[in-house]
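To start, the structure under review is shown below, and the notes come after it.
The values are calculated or read from the model by the stated rules, or taken from the named source; none is laboratory data. Just so we're clear, the structure is a prediction, and the values are computed from it rather than from any experiment. Every residue, glycine as well, gets a Cβ built from its backbone with ideal geometry; the counts of neighbours run over all protein chains shown. These accessible areas exclude ligands, DNA and RNA; they are computed on the full protein's heavy atoms, side chains included. Shrake-Rupley method; radii C 1.70, N 1.55, O 1.52, S 1.80 Å.
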Amino acid sequence: MEPLRRVLENLRVIQEKLRDGESKESNNNFNPQHFWNTLEQAFKTSSQEATKISLAYSKPPVPSEEDCQKLSDGLLNTILAASTLYYTLPKDQGTTLRKTVREAVIDVIEGTMQLIDVILSARIQSLSQAQLISTGSVWEACDNFPHIPKDNREAVIKIISGYLAVVKDALEEMEEALAGGEDPFSDVLDDEDTGARGNQDTYWSEADRRLIAPCLGLMKASKACLKKVLGTLKAHGKVETSEQVAQLDDLADITHEVSPSVDELALSMYPPMNHPAVRLNAAKLSSVLKKVLEITSASHVCPNTESSWVQFLHNAIDHNMNKVKSLTQDAL
């Protein structure tokens with residue numbers, strides 16, 4: 001079992017280096033087709049080697065020290081191959097793409113570490129539920145290869161789609177709370193939690209509800225903004241030059257700020273509402289959305305034909321933010 005313990009330690013080192021590791025700035029000899037074909041093979045082999053080890057330790061007798069060493073070497077070498085490949089992906093292919101590939105490789109490593117840990121801690125050599133689950137985790141991580149974006153445009157589309165889904169959920173949750181009546185906590189608090197429903201801190205006042213309307217408008221503008229950026233990115237996004245690749249990374253970076261800003265605003269909208277805090281969070285979200293529109297309109301993904309929706313959303317953000325300012329003026 002000692003070879004397995006050494007593999008576990010080596011995998012921890014590889015994982016830590018990957019999290020902090022940087023690939024080359026550029027590589028004139030970089031061949032995308034060769035890179036992806038080789039990485040795909042490394043993922044397949046990792047799955048096969050993990051399966052071999054899992055089967056070897058699924059029933060007695062335990063593999064000999066020599067066999068354990070061979071199994072351990074096979075697993076470690078294939079994961080080393082996958083992690084080494086990551087370092088050959090140049091920075092000029094896009095930081096978003098590199099992060100996506102790095103996380104995919106780390107997922108394989110973490111699944112493998114979990115499997116080895118389960119095998120090492122098993123008192124009886126039999127195929128336990130934990131071993132089945134951890135083996136399945138390695139398979140899942142390796143089978144994810146077809147879903148890894150193969151260029152920076154695909155990577156940014158995938159990541160912004162994820163941000164959009166989170167914003168949609170936050171908006172739907174707030175709309176459901178508003179549609180639920182006067183008490184947004186009615187479905188999560190019992191009578192004894194709120195002093196027999198007599199605690200007004202769980203209710204929205206009329207002034208609160210007036211303020212909620214433009215805040216909800218900003219949340220809707222956030223959804224529309226991400227949806228439009230995604231649409232124009234799919235229609236016009238390119239990775240033919242380093243400038244285009246960098247512009248896509250800028251879009252990924254700025255849109256990353258939308259979801260947390262929406263969440264902060266949504267949380268501050270629940271009673272008891274602190275109007276100055278709501279105003280501050282609304283202003284933060286408004287600023288982020290303006291920045292998203294500014295970076296989008298200055299990039300290659302937004303030709304003149306897309307300028308109308310950019311201006312429309314600018315106006316919608318200003319309209320709702322001005323309402324928020326007006327309704328919170330007395331609270332300052």
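About its Cα centre, what dipole magnitude does the stretch 63-178 give when the only charges are +1 on Lys and Arg Cβ and -1 on Asp and Glu Cβ, stated in debye to the nearest 20? Roughly 440 debye, rounded to the nearest 20. Taking every protein chain into account, the accessible area of the chain amounts to 50 square angstrom per residue (probe 1.4 Å). So, in Å, what gap is there between the alpha-carbon centers of the stretch 295-332 and the stretch 4-79? Comparing the Cα centres of the stretch 295-332 and the stretch 4-79, I get a distance of 49 Å.
Largest GNM mean-square fluctuation across Asn281, Asn28, Asn322, computed for the chain with C-alpha springs under 10 Å, falls on Asn28.
Full extension of the segment from Thr241 to Thr88, taken as 0.36 nm per residue of separation minus the current Cα-Cα distance, would add 53.2 nm. What FRET efficiency comes out for Ser308 versus Val62 if R0 is 51 angstrom and r is the Cβ-Cβ distance? Round to the nearest 0.05. Efficiency, rounded to the nearest 0.05: 0.15. Computed with a 1.4 Å probe on the full set of protein chains, the accessible area for His256 sits at about 100 Å². Here the spin labels are modelled as points 7 Å beyond Cα on the Cα-Cβ line, and at Lys234 and Gln41 they lie 3.5 nm apart. The angle between the Cα long axis of helix 275-297 and the main principal axis of the chain comes to about 60°, on a 0 to 90 degree scale. Helix 65-87 versus the longest principal axis of the chain: what angle, 0 to 90°, nearest 10, using Cα atoms? Computed tilt is about 40 degrees.
Spin-label model, Asp169 to Gln329: label points 7 Å out along the Cα-to-beta-carbon direction sit 3.9 nm apart.
What part of the accessible area of the stretch 1-159, given as a whole %, is carbon or sulfur when the probe is 1.4 angstrom? Answer for the stretch 1-159: carbon and sulfur cover 51 percent of the accessible area. Charges were assigned to the Cβ only: +1 to each Lys and Arg, -1 to each Asp and Glu. The resulting dipole of the chain about its Cα centre is roughly 1000 debye.
Above 13 Å, the calculated P(r) of the stretch 23-63 contains 67 percent of its Cα-Cα pairs. Alpha-carbon geometry of the chain: the Rg and the Dmax are 25.8, 78 Å, given in that order. Helical content alone sets the calculated 222 nm signal of the chain at -25000 deg cm²/dmol, taking -39,500 (n - 2.57) per DSSP H segment of four or more residues and averaging over every residue.
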